[in-house]
Amino acid sequence: MTLLPFADCCLWLGVDPKTLRLWLKAANLSCCLHPTDARLKCLTPSQLQHLADLHGRCLPHPLPGTSEDAASRSSAPAPEALVLAPDADLRHQVTRLQAHVTALSQQVAELALALLRERDARGPERTSQLKTPLSSLMAQLLSVPQADAAALASRPPGAVPSEVGAERAPAPSRALPLIEYWAEGTYGIISPTEGVLALVPDSPAWFDWLATLSSFRFLGQQGRLSASRTKGRTSWMAYRRINGQNYAYGLGQTVHLTIARLEHMATTLQSHTPSR
C-alpha cells in the first residue's frame, strides 16, 4: 500500500498541519503509521484525494511517489517526442489553477484578519507573544496570488509589525482596512475582503482606494490612529481613545491622506499617552 508523508500532504493541499488534522477529523479519517517508523504519520492516496474533493483542492497528477508516478516515469517519451497538449486540456488546467489561486487568496485574507483580531484582543502588553509576522503565516500556503506575493516581498524577513502605545487597545467591533508600517519606509495595506493589496502609498491608485472607504486603521512608526468620515462627507477625522479619554483631529479630505500626513497625526495622538 502506498503511503504519503503527512508533511507532503499539507503542501499538496495548501494547508497547515493543524487544518489538515481538523479536516481528517471532520471526514472521520485517521492517519496511517509508517511501516518502519511509527513516529511518522501518513495518508493513503485515496484519503488525500477524498479531502481534496471535499475542500476543492487541486492535486498534482500523478502524485509523486505513487505507483502511477513510477509508471509514468518509466513510460515517459523521449524529450524529442513530446508534443503540446490539446487546447482543451490546457484550458482545463488553467481553470483548475484559477480555482486554486482563488481559494488560496481567501485563506490569505482569513489568516491576516485572524492575526489582527488576536493582536488587538490581547493588547500591547501581550504583543511579545505575537512575534510571528504575517509573512510566515502566508508561507504555510502552497502559493499566493502574484499581486499579494509582490506586496509581501517588500517586507524584510523577520520584520515584526509595529504596535505603538502603552494602553490596551479595545477589540474592534468589525474588521477594518489596515495601513501598517513594516520597515525601511515600506507600508503594507491589508483589506478584510481582498487580503494584502499591492498599492504604492501616495499614488493615484492609493487615493482611489481610500475614496472607497468610510473608515480604516493606521499603524505608523511612532503612533497609531483610527480614521473615519461621516457618510456623504469628504472630510476625515483621526481619533484615538487613551486612558478613557477620546482625542480627535481633522485629517482633511481624501486627497490629503498622504503617508506623511497620517504619520504626523499618529505621532500627535501618541503624544497624549502618559510617559512611563
Item to check | Computed FRET value (nearest 0.05) for Gln222 with Thr2, which takes r as the C-beta separation and R₀ as 41 Å | outcome: 0.10
Checklist entry - For the residues Phe207, Phe216, what sequence is obtained by ranking on other C-beta atoms within 10 Å, fewest first? => result Phe207, Phe216
Next on the checklist: Could you compute the net charge surrounding Leu33? Neighbours are other residues with a C-beta less than 11 Å from the C-beta of Leu33; K and R count +1, D and E count -1.
Outcome noted: +1
Checklist entry - Highest mean first, what order results for 49-55, 193-199 on Cβ atoms within 10 Å? => result 193-199, 49-55
Checklist entry - Tell me, what ³J(HN,Hα) does each residue in region 204-219 have, in order and in whole Hz, if you take phi through Karplus 6.51 cos²θ - 1.76 cosθ + 1.60 with θ = phi - 60° and put x for Gly and Pro? => result x, 5, 4, 5, 4, 5, 4, 5, 8, 9, 10, 6, 6, 10, 9, 10
Checklist entry - Taking the Cα centre of region 1-67 as origin and charging only Cβ (+1 Lys, Arg; -1 Asp, Glu), how large is the dipole, in debye to the nearest 20? => result 200
Next on the checklist: Under the 0.36 nm per residue contour assumption, what length would be gained going from the current alpha-carbon distance of Gln49 and Leu11 to full extension?
Outcome noted: 12.3 nm
Checklist entry - Across 10 Å bins from the origin, how do the percents of Cα pairs in region 170-263 run, short distances first? => result 15, 53, 30, 3
Checklist entry - Where does each of 218-231, 11-24, 238-251 land if you order them by average Cβ count within 10 Å, highest first? => result 218-231, 11-24, 238-251
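All of the numbers you see were taken from the coordinates with simple rules; none came from a lab. Bear in mind that the values here come from a model prediction, so they are computed numbers and not experimental data. Methodologically, a virtual Cβ is constructed for each residue, glycine included, from the backbone with ideal geometry; neighbour enumeration extends over all protein chains shown.
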